[in-house]
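Structure record follows, encoded as structure tokens.
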Amino acid sequence: MITLEAAIAKIKQLPTEDQKEIIRFIEFLEFKSGKAIPPQDKIEITEPKPISFAEAARDLIGCLDGLPPDLSTNKAYMEGFGQ
């Protein structure tokens, strides 16, 4: 069984148009059941702020044991880089 928190997390990952479609579907189900809930506040869906890959992978950086925290410390690896 899916929990409300899991459903909300999945909905947040969807594109804005899909989120709006879910809201329309919920409103349809409310109408169909005759139990329409009067809107309390207008729901506003905004696009999430774009972040860089480094910000998204912040928890993974340096997570492996026994490796240098930064590959640039291996001079052979960096040989010819940027040329």
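The values are calculated or read from the model by the stated rules, or taken from the named source; none is laboratory data. What you see is a predicted model; the values in this text were computed from it and never measured. Ideal geometry is used to build each Cβ from the backbone, glycine not excepted, and the neighbour counts take in all protein chains shown.
Residue pairs whose Cβ atoms lie under 9 Å apart, separated by 6 or more positions or on different chains, with the first residue in the range 10-34 and within 18 Å of Glu47 (Cβ to Cβ) and the second surrounded by fewer than 11 Cβ atoms within 10 Å (Cβ to Cβ) and of a type in the set (Lys, Arg), are Gln19/Lys12. Of everything listed in (1) among the aliphatic types (A, V, I, L, M); (2) under 26 Å from Ala7 (Cα atoms); (3) surrounded by 10 or more Cβ atoms within 10 Å (Cβ to Cβ); (4) at pLDDT below 75, the single unmet condition for Ile43 is (3). Restricting attention to the range 53-72, the residues being within 24 Å of Lys10 (Cβ to Cβ) and either modelled with pLDDT under 85 or in a loop (DSSP other than H, G, I, E, B) (or both) number 4.
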